[in-house]
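In what follows, a structure is listed as structure tokens, so that the remarks can point back to it.
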Amino acid sequence: MANPVIRIWNDAGTEVLFDSWTDDVLFFVEEHPVESPNYTNRQVVYSYPQLAGRKIVAFMTAPYNYGSRRAWALPSCRVSYSGTTPVVTVFLDDERTELPIAAGMLTVMLSGVTQ
Amino acid sequence: MTAISRVVNSRGHYTIDRERDGYGYIGKYQLAGGISSVTFTCAGFPLIFFSIPYNKPDPGSKAVRDAYGEGRYGTVLVGVKNNGNGTWTATAISGAGEYLRVFGKVSQNWPNGSGRVPNLKLRGDDGTLHFDAGVRMLKLAGDTYDMELVLDHRVPAWTEPTNKYDRSYTVPFDLSNKSIAAACRCTIGMPYDYNSYIDFDSGQSYTQWHMTYYDTLYAGVGSTLQVRRCITESGPDFETTGFYTVGASTITTYSRLAVIDNTKYP
């Protein structure tokens, strides 16, 4: 049996803008400005029990512009699964005491795929 | 009556979720090259993809003189700054002619929909718009969302090739005409002794310092994503307050990879 598919073309009918059967879409879950005055090897953990069993994606964006930062702050994140619960661990490292804040924007997305 | 709440694709991946925001394509912004910035409007925090050069030669020459990708090719987003009033400035290191492609949340950027009629729109129970077929919705070029990049923090020594700590990752498709979202390793800066001299008026000796910035560049070679070191350099810096050292233990950077097809976002 054919699967039901939502497929949306452009006006000219020359391009499929959206295909619910083949597209891989990411959905917004939440975002956090992450900031820490403890610049040495600090970790912040976010847990998503409401998304148990599903895969998530996390992006970390540095809020600095080149030249305005010395960029000793190194925000970074990993995705893992504690049992079936998705977990994001944010790492904030800043080895310079002169810049006592490590910061970034964490964006968490849902892929919807089962783990 | 129950409205459509969720549509799932052939790989079990949600493609429509009535309760969650999708991201829509706001536009692309061309980079001048070197270290350059673009300013754009987006309601809420933007998700930014940068185009990567494809099959560009990479001499990988020796350390320090490779300013701004001269000798190394690649692109990276190094910062996103909120200017207020819904405008943002994104800064990237790139060759000339690369693009940033910006996506924003549908609910915030198209609260009343794209305006195209007829159209498919999905609203949550509270009426918030989460999907609009008149907007080019963010979708990935394959399932790279599962790929974690582990970016080495080490920097090459003076005499070592710039590419010594490069990394590469194989993705399940060709990287021609693609843009990616991936973290910058951030810039690691280190000073080095540029020149020492004696000021004859004061009789004191001074040291001039340069600051070197070790940056990350991404490039595509076939289906291999290369993560390259790029070294940019400041002018002489007279005032330094001791040595800035980068410890060996802490600052590995982890990043999720996401790839989009540029042709879907003209």
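Using the Cβ-Cβ distance between B:ILE198 and B:ARG154 with R0 = 56 Å, the FRET efficiency computed as 1/(1 + (r/R0)^6) comes to roughly 0.95. Inter-chain neighbour count for B:160-169: the average number of beta-carbon atoms from partner chains within 10 Å of each residue's beta-carbon is 0.
Residue ranges B:199-206, A:49-56 sort as A:49-56, B:199-206 when ordered by packing (mean number of other C-beta atoms within 10 Å per residue, highest first). Residue separation of A:VAL5 and A:GLN43 scaled by 0.36 nm, minus their Cα-Cα distance, works out to 9.4 nm of gained length. Each label point was placed 7 Å from the Cα along the Cα-to-Cβ direction; for A:GLN115 and A:THR22 their separation is 3.2 nm. Averaged over the residues of peptide A:7-20, the number of Cβ atoms from other protein chains lying within 10 Å of each residue's Cβ is 3. Note on B:TYR206 and B:ASN85: the model spin-label points, each 7 Å out from Cα along the C-beta direction, lie 4.1 nm apart.
Every number in this text was worked out from the coordinates using simple rules, so none of it is lab data. All of these numbers come straight from a predicted model, not from anything done at the bench. FYI the Cβ positions are ideal-geometry reconstructions off the backbone, even for glycines, and counts take in every protein chain you see.
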